[in-house]
Structure formats: structure tokens, C-alpha cells
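Each remark here refers to the structure printed beneath this line.
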Amino acid sequence: MLRLLLLLSLPVVFFAFSVSLETLQQYLPSLPFVADKPTIYCYGSITTLDSTSREFTPGCLSVNSDGTFNSPFSATEPQILRRGWPVNLSKHVIPGLWDGHAHLFQYGEMLGTVKVYNTHSIPEILEQICDYHMQHPTSGTKGNWIKGNGWDQSLLPDGMPMASDLPESLYVLLYRVDVHCIWVSRAVLDLLGDEPPVSPPGGSIPSPGVFCDDAMDLVLPFVPSPTREEKRLFVKTAQKSLHSYGIVGMHDAGVVVDDRELYVEMAEKGELKLRVYAMIQCRALNTFCPEEAEMVKREDGMVTVASVKLFADGALGSWGAALLEPYSDDPTTNGTMLLAPSALTEVTSQWARAGYTVCIHAIGDFANRAAIAAISSASPSSAGFRIEHAQIIHPDDQKRLFSLKIIPSIQPTHATSDQFYALARLGEERVQKSAYRMKSFLPLKPVLGSDFPVEPPSVLAGIYAAVTRRDPKTGKSVGGGGGWHTDEVLTIGEALRGFTRNVAAAAGMKKAGKIEGGAWADWVVLDKRLEESKQGWEWLRDETAVKETWVAGKRVFMRGDETKS
């Protein structure tokens with residue numbers, strides 16, 4: 001009988017020992033007999049954004065050796081000190097931040113070129129070009145052009161610039177701030193021949209030397225392409241900068257096949273330390289190219305390819321957004337569709353049948369109507385399909401957005417940048433009823449981003465724009481400091497989810513955007529807590545607010561040690 005009792009008790013003892021070992025493994029990592037024990041880090045607070053959206057104050061992260069979280073847990077300061085765990089109670093943790101719509105190669109290249117953002121005169125732009133040319137004496141030659149980004153004709157006293165405003169003998173190409181127009185020098189124009197260039201359908205040439213949307217294709221074939229090694233450097237430079245903003249991953253909105261292959265190669269070599277969800281863009285824009293779009297889904301989550309990027313129209317700032325009614329400040333135009341609605345419907349359906357998520361750039365209300373119709377035609381295989389920007393949507397089409405469960409991919413800083421000319425472009429009624437919705441779309445779990453390099457990549461600045469509807473650069477808005485159309489503001493929590501969990505969900509990533517057991521161990525250390533209060537929101541504009549960034553359990557950025565990669 002005694003022997004039977006002993007045998008029956010063995011499973012109980014074994015179970016108790018297993019639970020004890022698991023507990024010891026989690027909370028006593030210094031014990032030498034625990035194999036593959038997690039590493040513990042403790043902070044003043046931890047916001048998990050998991051299914052219960054817990055907050056531990058103070059709290060500790062338990063990180064496995066495979067780069068995933070074990071489990072976050074609460075602990076008192078005496079407990080933390082007694083265990084000897086690394087602790088910084090003055091710092092606060094949130095999940096790793098994601099940008100839901102951006103351009104990685106372009107950002108990396110921009111960091112090393114002429115930057116003319118927020119310039120208010122031609123002489124100011126010329127000074128930037130001159131400084132760059134002096135630092136790079138061979139720049140401006142036929143094989144080594146001077147490139148740049150950021151001009152905005154709405155800031156220039158004479159409006160749209162011309163080729164004659166740039167140095168005549170140098171090869172200069174400057175992208176408009178929205179990257180939908182280029183401004184080139186006389187030397188570049190001469191490459192096009194003696195006859196004045198004629199814009200193709202889907203483009204415009206608003207002044208000699210300025211080419212918008214599809215008209216850019218007249219010039220871009222003459223521009224020297226970056227080499228593979230230069231692109232590798234762009235990625236390394238970009239990810240180092242992005243980590244300083246707390247960004248652990250991004251949706252790259254337009255990746256051609258060569259760039260996709262470079263991402264995979266860098267991931268395999270351990271050079272890619274930023275998670276990339278790549279939207280494929282065909283070499284021939286707005287076409288069906290399955291041979292260029294091989295799907296990729298790495299187990300470590302560093303590269304994912306399962307979607308495609310299409311373009312319906314241009315941008316509002318250059319009068320390229322396609323509108324149902326003419327522009328209020330230029331009644332001669334309704335903007336530009338980059339392909340006919342029927343063609344957009346056909347190519348969307350082709351990609352849907354091939355199993356890809358379709359993401360359609362649409363800014364104007366006509367373009368958004370066409371994008372919604374195209375996605376509707378692909379139903380029921382269109383679950384998770386997105387409209388990139390979704391800036392101006394007619395109230396009737398807003399209802400269809402909900403009925404089809406289309407995800408809006410929104411950039412909060414576009415509203416705070418465009419506010420200074422949106423009323424002139426659109427008129428009061430369209431601005432009031434159709435433009436720059438955020439709160440209205442909250443049930444659709446909008447994906448939030450910046451569209452860098454169009455806007456700065458700071459996610460905290462994006463959160464500031466979302467919760468205040470004020471310009472992060474100045475803290476101001478049209479009509480004063482109260483915020484532009486504040487009925488569309490988000491709470492801090494809603495904005496944070498837009499840059500974390502919503503981005504992850506739209507990509508089908510169950511391990512991103514949160515802190516919980518089994519999720520990727522990506523987190524950001526801030527010097528202040530994100531709180532549901534209007535007090536102290538100005539600190540979100542401070543680019544030094546991010547103190548550390550961690551990806552897969554490894555620190556990739558620490559403020560004060562910017563050499564860390």
C-alpha cells in the first residue's frame with residue numbers, strides 16, 4: 001500500500017518541481033542551475049499594450065535568449081534591489097514603435113543629400129546647394145548629380161520654381177516635400193532634347209523644370225541609380241537614425257524586387273536590425289508583376305513580403321490629388337489620376353487573386369472613391385486591404401470604408417502640415433466633412449505612420465500631432481494654438497496603438513507591437529510616462545525623449561552613445 005501511495009505521489013511531486021523550476025527560472029535568473037534563463041530589466045513603469053493593456057509601476061521585463069519576451073511582471077523596488085536586477089526607476093517602457101507607411105531607402109539617401117525643407121526663398125535653397133557642392137566638389141557632374149529633398153512652392157514668394165532658378169551648368173534634381181514632383185536644372189533639361197517636353201497622361205509640368213507624378217518619368221531614366229553597396233549603406237544609415245526615434249519596424253511603402261532581395265540578404269547576414277514589412281512595387285508602376293513579388297516571411301520577423309503598393313493619384317500640395325470637384329484655388333483642374341478607375345479595379349483584383357494584400361495610395365476624394373470600388377471588386381479576398389493616406393474621403397464613401405472594413409493608413413503629421421493650405425485647396429465644406437479624419441476612423445483600427453522622408457520620422461511627434469492637431473515643429477495650428485479640427489484628435493492610448501498594435505495587426509504580425517510572453521522583445525525606453533493628460537504633451541516634440549531602443553532583446557540605440565548600431 002505504501003509503495004502504491006509513493007508511486008501515485010510522484011506525478012504530483014514532478015508537477016510541483018516543474019512549476020517551481022519555471023518560477024525560479026523567471027524570477028531568480030542568477031541561480032546557476034537554471035538553463036537558458038531569461039534576462040531581467042526593471043523600470044519605473046512598463047506599458048504592455050497586450051490583450052489586457054496592463055501597466056506595471058514599477059515593472060520588469062523578462063527576456064528569453066531567442067529574442068522574445070518571457071513575461072513582464074510587477075516588482076517592488078526592494079525586491080528588485082534584493083535580486084540584483086538591472087533597474088532604472090526614472091525611465092519608462094513602451095512597446096517598440098512602428099511606422100505604418102514610410103520609405104527606407106529614400107530616407108537613407110536623403111540623410112546624405114541636400115535638404116531644403118522649410119526654406120522660404122530661392123537664395124536660401126541656392127545656399128544649401130552651394131554648401132553641398134563645396135563639401136562634395138565632384139557633385140553636379142553628369143555622373144554625380146546633386147540631389148535633394150524638401151522644397152515647397154507654397155513657402156516660396158514666387159510660387160512654383162523653374163529650372164532657371166538653379167545653377168545652370170550643374171546637374172541638380174530636388175524632390176518636392178511630398179516626393180510627387182521634381183525640380184531640375186537647365187543642364188538636366190538639356191538631356192531631354194531641344195523640343196519642350198510634353199507631359200504624359202497622369203502627369204503635369206507646371207513650370208519649365210518642374211515635373212509632377214508620371215511626368216517625372218521623362219527625367220528619372222537619366223538619373224544615375226545608386227549601386228547595391230550604396231543602397232546597403234542607405235539602409236544602415238537610415239536604421240541607425242530611426243532607432244534614435246524608438247522605431248523598431250516599418251512598413252516600406254513601395255519596394256522593387258532588387259531592394260526586396262537586398263533586405264533578405266542583409267537579414268541573413270545580421271545587418272538588418274530594423275523589422276521591414278515591404279509592399280512590393282512593380283518596376284512598371286501600377287501593373288501586375290507576380291514574378292517580381294516573391295513572398296517572404298522570416299521566422300525572426302526581420303523581413304516580410306506579402307503585400308503590394310498601387311498608386312491612384314498624386315498629392316494635394318502639388319494639385320495632384322484627384323478630386324470629385326475642382327480645386328478651390330485652381331478651378332481649372334481636378335488633379336491627376338495615375339491610372340483609370342477601371343484599370344485600378346483590374347490590377348487590384350489580379351493581386352487579390354494571387355493572395356497579396358493590396359495597399360492603394362489615394363489622397364483625393366475621387367481617388368479614394370476609385371480605390372474603395374477597386375477593393376470592393378476584390379471582395380471577399382480583400383480582408384486587410386488598405387488605403388494609404390486616406391486624406392480626403394466623401395462622406396458617402398466613408399460609409400463604404402466601414403462596410404468593407406478597409407484599413408485607413410494615416411499620417412497624423414500630414415494633417416498638421418497641410419492645414420496651412422488645405423482650406424485654400426479644398427474649401428470649407430470639404431475640409432469640414434471629408435478631410436483628415438482620424439477619430440472618425442478609429443473603429444477600423446487605423447495604421448499610423450509618418451511617410452518619412454516626406455515628414456520627419458519621429459513617432460512621438462506623430463503622437464503629438466494626433467493628440468493635439470498642432471504642428472510638432474512649432475506647437476501651433478491655423479487660427480491659434482488650440483488645434484486644427486480638434487474633433488478628430490486621438491487620445492494618447494489610441495495614438496500609441498496606432499503606431500504599435502494596429503501596424504502589427506495590419507501586417508498579420510502576432511508577435512509585434514506589444515509586451516507579452518512569446519512576443520518579439522522590442523521595446524523603447526522614454527524619460528517620461530505617456531499619460532492620458534493634456535499636461536506635458538509638449539515634451540513629445542523633444543527629439544531626445546527616446547533614451548534607448550531594443551530589438552529582439554538587444555539594445556540598438558542608447559542616447560549619449562549614438563555610435564551604437
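Here are a few things to note about the model shown:
- Top-ranked residue of the stretch 253-274 - restricted to ones that are more than 28 Å from Gly143 (Cβ to Cβ) and either under 19 Å from the mean Cα position of the chain (by Cα) or β-branched (Val, Ile, Thr) (or both), ranked as most open to solvent (accessible area, probe 1.4 Å): Lys273
- Here Gly320 meets each of (1) under 18 Å from the mean Cα position of the chain (by Cα); (2) surrounded by 24 or more Cβ atoms within 10 Å (Cβ to Cβ); (3) touching a residue at least 60 places away in the same chain (Cβ under 8 Å); (4) not in a helix (DSSP H, G or I) with one exception, condition (1).
- Candidates Phe452, Phe441, Phe420, filtered to the one that is surrounded by fewer than 23 Cβ atoms within 10 Å (Cβ to Cβ) and either touching a helix residue (DSSP H, G or I) at 6+ places or on another chain (Cβ under 7 Å) or over 21 Å from Asn118 (Cβ atoms) (or both): Phe441
- Some residue of the stretch 462-470 being over 27 Å from Ala278 (Cβ atoms), at pLDDT 95 or above, of a type in the set (Phe, Trp, Tyr) and in contact with a Leu (Cβ under 8 Å, 6 or more places away or on another chain): yes
- Of the strands (runs of 3 or more DSSP E) lying entirely inside the stretch 485-565, those carrying at least 1 residues that are touching a residue at least 40 places away in the same chain (Cβ under 8 Å) and touching a Ser or Thr at 6+ places or on another chain (Cβ under 6 Å) are 523-526, 554-558.
- Unique residue being out of contact with any Pro (no Cβ under 6 Å at 6 or more places or on another chain), at pLDDT below 95, crowded, with 16+ Cβ neighbours inside 10 Å and within 20 Å of Tyr421 (Cβ to Cβ) when the list is Ser154, Ser139, Ser199, Ser204: Ser204
- Failed item in (1) touching a Phe, Trp or Tyr at 6+ places or on another chain (Cβ under 8 Å); (2) within 30 Å of Met266 (Cβ to Cβ); (3) assigned to a loop (DSSP other than H, G, I, E, B), with Thr138 passing the rest: (1)
- Single condition Asp365 does not satisfy, out of (1) open to solvent by less than 10 Å² (accessible area, probe 1.4 Å); (2) in contact with a Phe, Trp or Tyr (Cβ under 8 Å, 6 or more places away or on another chain); (3) farther than 26 Å from Cys289 by Cβ: (2)
- Residues of the stretch 406-429 that are more than 24 Å from Arg470 (Cβ to Cβ) and either touching a Ser or Thr at 6+ places or on another chain (Cβ under 9 Å) or in a helix (DSSP H, G or I) (or both): Ile406 alone.
- For Phe402: the one exception among (1) in a loop (DSSP other than H, G, I, E, B); (2) open to solvent by 10 Å² or more (accessible area, probe 1.4 Å); (3) in contact (Cβ under 8 Å) with a residue 12 or more places away in the chain: (1)
The values are calculated or read from the model by the stated rules, or taken from the named source; none is laboratory data. Remember, predicted model here, so these are calculated numbers, not experimental data. Neighbour counts run over all protein chains shown; Cβ positions are idealised from the backbone, glycine included. Ligands, DNA and RNA are stripped out before the accessible areas are found, and what is left, the full protein with its side chains, is counted by its heavy atoms. Shrake-Rupley method; radii C 1.70, N 1.55, O 1.52, S 1.80 Å.
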